[in-house]
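Just so you know, all these numbers are worked out from the coordinates, no wet-lab data involved. What you are looking at is a predicted structure, and each value in this text was computed from that prediction instead of being measured. Glycine gets a Cβ as well: all are built from the backbone with ideal geometry, and neighbour counts include every protein chain shown.
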Amino acid sequence: MIDNCNDCTLLVLDHCAQAQIDNVSDSKIFIGASADSVFVRNCSNCTFTVACGQLRTRDCQNCTFNLYCKTEPVIETSSNMKFGPFNGAYPGHRGDLLDAELGGEDVSDVNDDKWQNVFDFNDPSKTGENWRLLQPDEHQALWCPLGKAELCIILSSSDVVAAEQQKVDAEKDNVVDDDYSYEESKTCTTFTKDEDQKKEGTTFHKIKAFVSGGWSIMWTAVCSVKEFCLGLFFKAFQPINKMLASGE
């Protein structure tokens, strides 16, 4: 039971039979694995990450569900509801999903996710005026509240989230030198020494190489002139040195 919460982050990182969420606002909620129903009532301005057998909502406004659901999600007397693919992970999540019977022997093989098949009791004409699916570019990033973890539910419906996480992990693993890498926002952009070498072909580096080469040639010429002048100077004083040496 989750009841009468405001501006909270609420985590149920375990498997359970069912969950009931009432009168919650401006909060973020993670339900890891509910075998049967998750019932959400009188909630507003909330973001949910939920894996369940059934989702039902009533009297809710402006809520987003990142959802894995074995049956069609149901909304009733609700408005501005948004639905996207499941985006959560934590250590041990795979076992919780299996204990809640939300997948077969291998959770990643499940193919009965119906998160996008929303049924609205108050829209018999199916106009979709009270809800919509998130566009691919709106799918929310992987949420790992306990740190880095494996995304267990990898479906065609959630491949955007999975691909993003795999890309981040791959780029982090391929960093050659820490001095050449930095992490920005949710993705990891890596600069490697190989890429630095590729930059040698750019106009900037060509100009830099030309200036450097010209300076080297000029410096060599100056040194040659300097040595020539010093040679003349010492040659001119040789007769005087001989006279001093002979005492004349």
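Taken over the Cα atoms of region 50-106, the convex hull encloses 82 Å³ per residue. A simple spin-label model places the labels of GLU101 and ARG58 2.5 nm from each other, with each point 7 Å out along Cα-to-Cβ. Distance between the modelled labels on LYS148 and THR71, one decimal in nanometres: 3.9 nm (7 Å Cα→Cβ projection).
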